[in-house]
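Have a look at the structure below before the remarks.
The values are calculated or read from the model by the stated rules, or taken from the named source; none is laboratory data. Every value quoted in this text rests on a predicted model; they were computed, and no experiment measured them. Counting neighbours? That spans all protein chains shown, and the Cβs are built from the backbone with ideal geometry, glycine included.
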Number of protein chains: 2
Amino acid sequence: MLQVLLLVDLDNDTSVPVFQVCEWHSPEQLKKLLDLELRDGGEAESEILQRCRDAIRYSVKTSHPRFFNQLYAGMEPYSMVASFIAEAVKTNLYTYEVAPVFTLMEDAVLRKMIKVIGWEEGGDGIFNPGGSLSNMYAVNLARYRYCPDFKEVGMFSAPRLVILTSQECHYSISKGAALMGIGTKNVYTVPTDERGRMIPSALEEKIMLAKSEGAVPFMVNATAGTTVLGAFDPIDEIADICEKHNLWLHVDACWGGAAIMSKKHKHLLKGIHRVDSVAWNPHKMLMASLQCSAFLVRDKTSLLQHCHSARASYLFQQDKFYDVSYDTGDKSVQCSRKPDAFKFWLMWKALGSRELEQRVDRALAMARSVWANRNYQQYYLNCFSLQPEYANVCFWYLPPSMRNLPESPELWKKLHTVAPVVKQRMMKKGSMMVGYQPLGEKANFFRMVVISPQVSRQDLDFVLNEIHNLGKDL
Amino acid sequence: MLQVLLLVDLDNDTSVPVFQVCEWHSPEQLKKLLDLELRDGGEAESEILQRCRDAIRYSVKTSHPRFFNQLYAGMEPYSMVASFIAEAVKTNLYTYEVAPVFTLMEDAVLRKMIKVIGWEEGGDGIFNPGGSLSNMYAVNLARYRYCPDFKEVGMFSAPRLVILTSQECHYSISKGAALMGIGTKNVYTVPTDERGRMIPSALEEKIMLAKSEGAVPFMVNATAGTTVLGAFDPIDEIADICEKHNLWLHVDACWGGAAIMSKKHKHLLKGIHRVDSVAWNPHKMLMASLQCSAFLVRDKTSLLQHCHSARASYLFQQDKFYDVSYDTGDKSVQCSRKPDAFKFWLMWKALGSRELEQRVDRALAMARSVWANRNYQQYYLNCFSLQPEYANVCFWYLPPSMRNLPESPELWKKLHTVAPVVKQRMMKKGSMMVGYQPLGEKANFFRMVVISPQVSRQDLDFVLNEIHNLGKDL
């Protein structure tokens, strides 16, 4: 089979510089290298094989141990096997009839995740193409619970609905509000503390503010593991407020959900058993293949089905010979849907909960070790005075020329330009990938995300040395 | 590598009954066979290999030449290779920096599709996880063009918006209206003719009706290849009406878009060069791996970006060293997004437009050949008096006991029960898969979808014989 040959062949192709994280080319250069044009005639197999080699060669090696650029990294081989099988059997997950195996596996994984979360009476859920959609499902369910009629009549004569979320939340809350006819201005952002966690008293103030304006606050989004800082909103305290005001509480645990697997770190999500819904992406910290994103809901009244169903008669026939409650497709706003749960099921089966726990513990220990690193202490500046809660290591690099200057707006302005230059040099060299960003008033800083069990202390040393090497002349 | 071993191993595993389309087990039986529980401890590699074998064995063989159950079928090997590579390199498509190759390939594929559609001044687009989302993008863009403020303020004080679509359209229009705060009741369905095509004069009547109610019609969805009948709405005539009333015209060509590739059949989409947006799924008739769904828009003013962007500072930094217009992620409502365009790019590169054209021609010729089949003429009843326009072959099977009865409500009631019984027997035997459904007043009928070039006339003969064998006692 071509695909097997290809994989074997690539293993032996020494022309590919496998030790670089990336081989940088500008868009214009890369267009020439790839010959992207699609023509009337086809190409020979040998040419196609070269196209495949090129696609791999010029792609970023996100599984390289020095890829720290996003909230995913590394390769989980069992999960990759599952994703290969899913591609090969080519299954769409709408009915039990066409997807018997993956329907049951999705159900099993969801039930297990619900158990881990601690919803003792069970719940419901679905896998989505990404956490953004999961967060949007939460908004839609919360809205449906508040008023099921909106599904039919829309929002035209509805009172102004308000979503509350921290200023550090993921942008999908805002994108969802725009898409769903709620509007980005009706997402009220709640201030955060010095670590990036939502301040509960400020939440309550914003709720009262919305009410005083005649608006209807209907849900709170708490974040477990914010994108930039890896902060965990205090779920328990937020749940008290939501109970008091009868608000749907959703937790965006896409990034931080993995901590629930760890006895040592699950306290970060204390109170999650009280919330109404959770978004949790096993493709992030737990390293399932992309994509693997679960949406979980504590409800037991088929809210997901009622909220999203369209009851298409050509797909969800009610005169089938089996229990049609296994036809889960109408819980989704999609029609075609991939069997992403299988990627998590197979690796969980192979590794067991214990190994998943150890991986989380290892990644978080590794992330925290950066603080104790001698290079770090010498050349870097914590963005925040405390150790990180999670795997996001955020810091400024101070070139020697800036190290003994007094703090001033000019210094911060200068420091703001350092990370982009270091990033450019790092990309062109291809030695590693670490992201940077500004945050509120804070100048551009690096965010190194530590996930993969393949990452060693040597890799962390390398990063800190390399940033220094790339930026010491600035 | 485990995955290579697995694939090779499966080729040699003679215990898997590869000639069946499916090996039916009820959910309860299959749960026992699969041992779905996830435990604290992991399993040995040999056990995991068996889990993989079981997952494949009990999955429906959608690439089997006798799988006619959905709007996808068959296996395109080049596309599968691309999907394997995409899984292995583990790329998320938000920025050029992390996805250089696939960003450019997506752009190349979109440009080519836009050219094929005939938008001479170009356009924009994005690949989505399924055609439902593409249709929702159309609704959102149409709404944004009508009034960009809705993005910020929501729909609360907006006039009642109305979407127009045929009664045969895909259910994602209705799901989208619900999700997006427009409401399912504000989707006005337009009657269709005897072949399932929207009646343009009826469209205009519905537009006038909405206006007379004080509502604001803002978009029309035309379908090119309806789900059940494969009907094509008359785009040219609908475009005239949309121009007259200044309405956004979207074409859901998820299923029928492939006909554009064929000189012989592109007339089905006559007028598509005039429309505002198109959804087109290469994973259907063109057999790209699941999922591969393009949304295309004729606009050249970055409407997609303006409508969906949230400008997250940690992802879409504006102080990067390359042209950030290549960071396409903010055009999407997703954050993580798979490089699905590559699955189409590689097969197009390998086959060329000509081979894609021939495949479409072959599938449609094959579908039409069913009408001339002697078995068909003897035992079956066309649902519609004319040949199908596309690859959906819709028919009733008449068991001998019903063949000479006069037409009556009782006969139709009885006929309604035939397809579900035949389907049950077919699934339990595993010999083939063909779907059935009712439609409006019409009793349950079979819908056989012919796509794959692997399908032979023998396979079609087999299906017609087999339905007769399975149902002749009814």
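Here is how the numbers come out for the structure above:
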| quantity | calculated |
| --- | --- |
| Meets criteria (at pLDDT below 95, over 29 Å from the mean Cα position of the chain (by Cα) and either within 7 Å of another protein chain (Cβ to nearest Cβ) or under 22 Å from A:Met432 (Cβ atoms) (or both)) for A:Val18 | no |
| Residue in region B:162-170 that is over 19 Å from A:Ser332 (Cβ atoms), aliphatic (A, V, I, L, M), touching a Pro at 6+ places or on another chain (Cβ under 6 Å) and within 11 Å of another protein chain (Cβ to nearest Cβ) present | yes |
| Any hit, region B:89-96, residues being within 23 Å of the chain's Cα centre (by Cα), facing chain A (nearest Cβ under 7 Å) and part of a helix (DSSP H, G or I) | no |
| Residue that is under 24 Å from A:Gln454 (Cβ atoms), surrounded by 24 or more Cβ atoms within 10 Å (Cβ to Cβ) and within 19 Å of the chain's Cα centre (by Cα), where the choices are A:Ser277, A:Ser293 | A:Ser293 |
| Residues of region A:295-336 classified as within 29 Å of A:His283 (Cα to Cα) and more than 7 Å from chain B (Cβ to nearest Cβ), total | 21 |
| Of all residues making up region A:451-471, the number that are over 12 Å from A:Asn373 (Cβ atoms), under 23 Å from the mean Cα position of the chain (by Cα) and buried (at least 18 other Cβ atoms within 10 Å of the Cβ) | 3 |
| Looking only at region A:124-147, and only at residues there that are under 13 Å from A:Asp299 (Cβ atoms) and charged (D, E, K, R), the one that is farthest from the other protein chains (Cβ to nearest Cβ) | A:Asp124 |
| Some residue of region A:329-351 being aliphatic (A, V, I, L, M) and at pLDDT below 90 | no |
| Hey, A:Met75 over 19 Å from A:Tyr322 (Cα atoms), more than 7 Å from chain B (Cβ to nearest Cβ) and of a type outside the set (Val, Ile, Thr) or not | no |
| Failed condition for B:Met113, given (1) within 21 Å of the chain's Cα centre (by Cα); (2) more than 9 Å from chain A (Cβ to nearest Cβ); (3) closer than 20 Å to A:Lys90 by Cα; (4) not hydroxyl-bearing (Ser, Thr, Tyr) | (3) |
| Evaluation of B:Leu351 against (1) without any contact (Cβ under 8 Å) to a residue 40 or more places away in the chain; (2) more than 30 Å from B:Thr301 (Cα to Cα); (3) within 11 Å of another protein chain (Cβ to nearest Cβ) (one fails), failing number | (1) |
| Residue satisfying all of: in region A:51-69; at the interface with chain B (Cβ under 7 Å from one of its Cβ atoms), assigned to a loop (DSSP other than H, G, I, E, B) and surrounded by fewer than 24 Cβ atoms within 10 Å (Cβ to Cβ); farthest from the chain's Cα centre (by Cα) among these | A:Ser59 |
| Within region B:190-210, tally of residues that are of a type outside the set (D, E, K, R) and within 20 Å of the chain's Cα centre (by Cα) | 2 |
| Scope region B:159-185; condition in contact (Cβ under 8 Å) with a residue 24 or more places away in the chain, over 21 Å from the mean Cα position of the chain (by Cα) and surrounded by fewer than 24 Cβ atoms within 10 Å (Cβ to Cβ); matching residues | B:Pro159, B:Arg160 |
| Test: residue in region B:100-107 that is at the interface with chain A (Cβ under 9 Å from one of its Cβ atoms), in a helix (DSSP H, G or I) and among the charged types (D, E, K, R) | yes |
| Some residue of region A:120-138 being more than 22 Å from the chain's Cα centre (by Cα) and crowded, with 24+ Cβ neighbours inside 10 Å | no |
| Subset of region A:122-162 that is farther than 22 Å from B:Gly130 by Cβ and among the small types (Gly, Ala, Ser) - its residue that is modelled with the lowest pLDDT | A:Ser157 |
| Check on B:Ile241, modelled with pLDDT of 95 or more, within 23 Å of B:Trp345 (Cβ to Cβ) and among the β-branched types (Val, Ile, Thr) | no |
| Sole residue being buried (at least 24 other Cβ atoms within 10 Å of the Cβ), among the aliphatic types (A, V, I, L, M) and modelled with pLDDT of 95 or more, chosen from A:Ala108, A:Ala82, A:Ala88 | A:Ala82 |
| Within region A:36-50, considering residues that are of a type outside the set (Ser, Thr, Tyr) and assigned to a helix (DSSP H, G or I), the one farthest from the other protein chains (Cβ to nearest Cβ) | A:Gln50 |
| Filter result (buried (at least 19 other Cβ atoms within 10 Å of the Cβ) and more than 24 Å from A:Arg311 (Cβ to Cβ)) within region B:201-223 | B:Leu203, B:Ile207, B:Ala210, B:Pro217, B:Phe218 |
| Out of B:Lys349, B:Lys343, B:Lys320, sole residue that is under 26 Å from A:Gln29 (Cβ atoms) and either in a loop (DSSP other than H, G, I, E, B) or among the acidic types (Asp, Glu) (or both) | B:Lys320 |
| Within region B:424-450, considering residues that are more than 22 Å from the chain's Cα centre (by Cα) and not small (Gly, Ala, Ser), the one surrounded by the fewest Cβ atoms within 10 Å (Cβ to Cβ) | B:Glu441 |
| Residue count for region A:245-270, restricted to those that are touching a residue at least 12 places away in the same chain (Cβ under 8 Å) and over 20 Å from A:Lys284 (Cα atoms) | 5 |
